[in-house]
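Here the structure is laid out as structure tokens; the discussion comes afterwards.
The values are calculated or read from the model by the stated rules, or taken from the named source; none is laboratory data. Only a predicted model underlies this, so the values are computations on that prediction, with no experimental measurement involved. Methodologically, a virtual Cβ is constructed for each residue, glycine included, from the backbone with ideal geometry; neighbour enumeration extends over all protein chains shown. Side chains are part of the model used for accessible areas, which takes the heavy atoms of the whole protein and leaves out ligands, DNA and RNA. Shrake-Rupley method; radii C 1.70, N 1.55, O 1.52, S 1.80 Å.
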Amino acid sequence: MGRTKDELLARLEELKIDFKRYDHPVVLTVEEQAKHVGNFGGALTKNLLLKDKKHRLYIVSALADTKVDMKILSQRLGLGKGGVRMAPEENLCQVLQVPLGCVTPFALFNESASAVSLLLDQGFKSKQSCYFHPLTNDVTIALSSSNLDKFLLSIGKQPAYVDLEASPVVGKDNPPDLADLVPSGAFCSSEESVENPTPKDAPQVNVPKEKTCLPVKAKPKVQKKGAESSESKVPTNNGANVEIFASDVLEVIFPLFLSEASKKLNIKQEELTQILKLDDFKRRAAPDLESVTNMFKNAAYTAGFHAGFDTMLKSGLGGMPSRK
């Protein structure tokens, strides 16, 4: 079991860390959070859980309006282009041990997350206080960057502040400036771990595993040959690869936008592309679209899983044998 909200807040009080607490309904996005705490003077933050190809995990904690380009970040970490992407929901449950929509630097309070790398936006230092979830997303706490540092140091984590919008040249003569922040350990998912065997005389119960945050993905639909319509141009890869999905969406949207805009403005599409710098805009928009896509994908999987679980309970736990 991970640490609780009350345990974390008790630790902050024990460390004499000054913070303000705001209770509110469960929120899954920064926009929803802003409706409840946006008028109290603190800075809204966005927190991403990323994973590289070697299954190493990173929390990127930034001001809500900071642009985080994951391709550039990958290069700065020395992982090459596409080296990091959004981590799956199972990593939130198994490693951070927080619910969906609750990635937070405070998740490092859990021992299971001790090897997760934390990258903090240097913009935090210019704010009087910043908002974070304390291991649950029905509460927001506001505290200064110095008090956040105090907590991190108390758990043995050295704060690392980064200019997340910087784009330094990385090459032979310019080594990756964030390579020291790559964690040394990797994490195994539940599918890679070995579970304890079930005793032979134990009754077999057809119920889901204890980790309810691992929904079963639906099989992709197979389209019949020759049945492609104009609507099929919209990507439908079922969220299997969020990065590719986001890229495909942008590739569909921008040509349509250029076509309509060039007609109304009577400008050639090539000229309009240069004027609006659409390639640069797509590059900056991709990480935000990937983040939103991943959030909706996980929310849909979770809702579907719980609906199936409720149906199973109503039907008698999937045929569990009765015992006298």
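Where in the range 1-84 are there helices (runs of 4 or more DSSP H), lying wholly inside it, with at least 2 residues that are open to solvent by 40 Å² or more (accessible area, probe 1.4 Å) and not basic (Lys, Arg)?
Values: elements: 5-14, 30-37, 70-76.
Counting at least 2 such residues, we get 5-14, 30-37.
Report, ordered by the first and then the second residue, all pairs with beta carbons closer than 8 Å, sequence separation of six or more or different chains, a first member in the range 112-128 that is touching a residue at least 24 places away in the same chain (Cβ under 8 Å) and surrounded by 23 or more Cβ atoms within 10 Å (Cβ to Cβ), and a second member that is assigned to a loop (DSSP other than H, G, I, E, B) and hydroxyl-bearing (Ser, Thr, Tyr).
Listed pairs, sorted by first residue: ASP121/THR66.
Among the residues of the range 176-187, what is the count of those that are exposed (fewer than 13 other Cβ atoms within 10 Å of the Cβ) and modelled with pLDDT of 95 or more?
2
Name the single residue, out of those in the range 152-170 being hydrophobic (A, V, I, L, M, F, W, C) and more than 18 Å from LYS46 (Cβ to Cβ), that is most open to solvent (accessible area, probe 1.4 Å). Give the steps one after another, and end with the answer.
Taking the range 152-170 and keeping what is hydrophobic (A, V, I, L, M, F, W, C), we get 152-153, 155, 160, 162, 164, 166, 169-170.
Filter once more, keeping what is more than 18 Å from LYS46 (Cβ to Cβ): 152-153, 155, 169-170.
Values: LEU152: 0, LEU153: 96, ILE155: 53, VAL169: 111, VAL170: 59 Å².
Here the residue is VAL169.
For the range 135-151, name all the residues that are open to solvent by less than 10 Å² (accessible area, probe 1.4 Å) and of a type in the set (Val, Ile, Thr).
If the condition is that a residue be open to solvent by less than 10 Å² (accessible area, probe 1.4 Å) and of a type in the set (Val, Ile, Thr), then VAL139, THR140, ILE141 are the ones that fit.
Against the definition (under 19 Å from THR29 (Cβ atoms), assigned by the TED database to the domain that holds LEU152 and at pLDDT below 95), how does PRO105 come out, yes or no?
no
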